[in-house]
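Working notes, structure below.
What follows draws every value from the coordinates through simple rules; no lab data is involved. Keep in mind the model is a prediction, meaning the values are calculated, not measured. Glycine gets a Cβ as well: all are built from the backbone with ideal geometry, and neighbour counts include every protein chain shown.
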Amino acid sequence: MSDKNKNKLRECCDLCIKKEVSCPVMDCKHWIKYKEDLNCALIAVDNHGSMTLREIADRLHLSFVRVKQIQDKAVQKLSANKSNDDFDLKLFEDYIKEGNNFLSEDSKNKELFED
């Protein structure tokens, strides 16, 4: 994404925040049906930073299990792409296993997904 497009997107978010209105642009790839975050995934990330899988599931209207499956598939794809020297997959996997991921606040469910 070009800097020009990033700035336009940021302007859109800033305008929604300033006017305190939910984003009306439903065809935007960042639009989510979650009025508490003004229907914008970017605003959700700005407001909350790292989120648990449950928080993500709530925003996307998916189950916790489905969000976990998507996360697992993403990690699997990253590990399949070993040609990417800039990405240290082992470091990423350690980061997740240490609880520094979306599961950090869901400790009661964390043991279900550990090896």
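May I have the extent of the alpha carbons of the range 26-71 along their three principal axes, as whole Å values ordered from largest to smallest?
Extents along the principal axes: 25, 22, 15 Å.
Taking the Cα centre of the range 17-66 as origin, sum charge times position over the Cβ atoms of Lys and Arg (+1) and Asp and Glu (-1), and report the length of that vector in debye to the nearest 20. Don't skip to the end; give the middle numbers.
Details: 8 positive and 7 negative charges, 23 e Å.
It comes to approximately 120 debye.
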